[in-house]
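Visitor: Supplied in structure tokens, the structure appears directly below.
Just so it is clear, none of the values below were taken in a lab; they were calculated from the coordinates. The model shown is predicted, which means the values in this text are computed figures rather than measured ones. Neighbour counts are summed over all protein chains in view; Cβ atoms, including those assigned to glycine, are modelled from backbone coordinates with ideal geometry.
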Amino acid sequence: MKTNITLSIDTRRKRKDGMCPIIFRLSHHRKTIAISTGFAVPPEYWNEKNREVKRTYKGVSSVARLNNLLVKKKTELRDDINSLEENKRLEGLSITDLKDILTKTTKKITFFEYTQQLIDEMEEANRFGNARAYKSVLGALKNFHGKKNLRFEEVNYTFLKKFETAHLKKGNSVNGLSTYMRTIRAVYNKSIHQGIVSADNYPFKKYKIKSQPTAKRAISKNKIKRVLDLKLAPDSPLFHTRNYFLCSYLMNGISFIDMAFLKVGNIIDGRIQYRRQKTARPYDIKVTEQLSSIIGYYLKDKKKSEFIFPIVRREALQDQYYDVQWERKRYNKRLKEIAKLCDIEEKLTSYVSRHSMATNLILNDVPINALSKMLGHSKLQTTEIYIKNLPTHIMDEYQERLEI
């Protein structure tokens, strides 16, 4: 049954003076509900066939003007319904929600309030990583705006450009700005989908998110070997840092958070099986001899329910995410020390192991389709980001293959 709206009178709510309210009867999902017009007439002066007030009615100065007003309002409601249908939002609305949207009685939620609502929902669903990213953006916007609330209508092209200027003026990076803007865009997209704001006000039709190519993150296999050969005692502050880096490299570039949450029970028949925190995609990685020699140190006398690495230390899930966040900061700081000890000029971070793994496999002629699967990418375009900075001598070698 399609959504429909008709003019009628509500004879069930006849007033003491004999007048009946003129209403719009809204039908949606096989249910009906009344929307008030603010007008009423005696039932004998209502033309049910033509859905209008009879010309003989003397209760208003102009019956024609009243009927035109009712038709105009009905057309506006019909246009709003059509707009919701075109934007694929109509089907998911209950009849009460639809009435609220059409009559605009829904409480106006601000951009700040809606973003906080999304954060609360993420934390409720244990998506603490995403919640942290949204909190960061919310904090930056509140500091920039300087007011308690921010209406959706205010988040326009001019506002975004001013925020961009303020961000870059502080010496922050373009890619940091890009991360903020993608989150703002995600909040706006969700609000449109939920019918909170009209797509007509969408600021990203005009505003284009900027980004810059990131510096080369991969290091050569020779430099990875320097890290492997680094002699460190188990009580050294750098011992675990070195091992985390190598394990990430040998486990197909596993992210730090996924490595932190690995449990002994994830090792099954010589393979590490887990789901990635970010995408929930399943991974199935062979425990090679080299990987086993490193990871074996952490498996001694542990139960299947225990975490492999000494990163997560607390019980509550949100506290565990804080453990990972804190340990990752310390990990990246100590990687700088390892780089100095190994005479590695490149900046070592938690991302370098993943990018190095991808680059070194490409250099060994591993097909990009296979690499994409190993990295857990759903699109080849994502994998191409990892290999766009191949060394010049490799590109020269590929070019030489063109010779006839």
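Visitor: Tell me which residues come under 5 Å, amide H to amide H, from ILE219 once H is placed; ignore anything under 5 positions away on its chain.
Guide: Distant-sequence amide H within range of ILE219: SER356.
Visitor: Okay, next question. In sequence order, what are the phi-derived ³J(HN,Hα) couplings for segment 78-91 according to the Karplus relation 6.51 cos²θ - 1.76 cosθ + 1.60 with θ = phi - 60°, rounded to whole Hz, with x for glycine and proline?
Guide: 5, 5, 5, 5, 4, 5, 4, 5, 4, 8, 6, 10, 5, 4
Visitor: Follow-up question, since we're still on this one. Can you bin every Cα-Cα distance in the chain into 20 Å intervals starting at zero and give me the percent of pairs per bin, rounded to whole numbers?
Guide: Bins of 20 Å from zero give 20, 38, 25, 13, 4, 0 percent of pairs.
Visitor: Here's another thing I want to ask about it. Along segment 26-38, what does the Karplus equation 6.51 cos²θ - 1.76 cosθ + 1.60 (θ = phi - 60°) give for ³J(HN,Hα), rounded to whole Hz, x for Gly and Pro?
Guide: My calculation for segment 26-38 gives 9, 10, 7, 6, 6, 10, 10, 8, 9, 10, 5, 9, x Hz in order.
Visitor: Right, another one. Helix 352-363 versus the longest principal axis of the chain: what is the Cα-based angle in degrees, 0 to 90, to the nearest 10?
Guide: So the inclination is approximately 70 degrees.
Visitor: Just going by the charge dipole of segment 16-127, with Lys and Arg at +1 and Asp and Glu at -1 on Cβ, which of PHE24, ALA125, LEU84 is farthest out on the positive end?
Guide: Sorting the options by dipole projection puts first PHE24.
Visitor: Quick one: which residues, 5+ away or cross-chain, put their amide H under 5 Å from the amide H of GLU52? H built at 1.01 Å from N.
Guide: The list, which skips near neighbours in sequence, is ASN47.
Visitor: In whole Hz, with x marking every Gly and Pro, tabulate ³J(HN,Hα) for segment 307-319 from phi via Karplus 6.51 cos²θ - 1.76 cosθ + 1.60, θ = phi - 60°.
Guide: Couplings: 5, 5, 9, x, 10, 8, 10, 10, 8, 5, 4, 5, 5 Hz.
Visitor: Contact order normalised by length for segment 252-347, with contacts defined as Cα pairs under 8 Å and 6 or more residues apart; what percent is it?
Guide: Once normalised by length, the contact order is 26 percent.
Visitor: What list do you get for TRP326, TRP46 if you sort them by fewest beta carbons within 10 Å?
Guide: Going from sparsest to densest Cβ surroundings: TRP326, TRP46.
Visitor: Still on this structure, I have one more. Using Cα-only point scatterers and the Debye equation, what is log10 of I(q)/I(0) for segment 65-186 at each q in 0.14, 0.20, 0.21 Å⁻¹, rounded to two decimals?
Guide: Normalising to I(0) and taking log10 leaves -0.80, -1.16, -1.21.
Visitor: Let's see if you can work this out: charge +1 on each Lys and Arg Cβ, -1 on each Asp and Glu Cβ, no other charges. What is the dipole magnitude of segment 221-399 about its Cα centre, in debye to the nearest 20?
Guide: Computed about the Cα centre, the dipole is about 460 debye.
Visitor: Same structure, new question: Build a GNM of the chain with springs between Cα atoms under 10 Å: which of ARG127, ARG51, ARG12 gets the top mean-square fluctuation?
Guide: Sorting by GNM fluctuation, first place goes to ARG12.
Visitor: So what does the Cα-only Debye profile of segment 221-399 read at q = 0.13, 0.14, 0.16 Å⁻¹, as log10 I(q)/I(0), no solvent term?
Guide: Log10 of I(q)/I(0), two decimals: -0.70, -0.81, -1.06.
Visitor: List the residues whose amide H sits under 5 Å from the amide H of ILE9, counting only those 5 or more places along or on another chain, with H placed 1.01 Å from N in the peptide plane.
Guide: The list, which skips near neighbours in sequence, is ILE23.
Visitor: Now a separate question. Just subtract the alpha-carbon distance of GLN381 and ASN156 from 0.36 nm times their residue separation and send over the number in nm, one decimal.
Guide: So the chain would gain 78.0 nm between GLN381 and ASN156.
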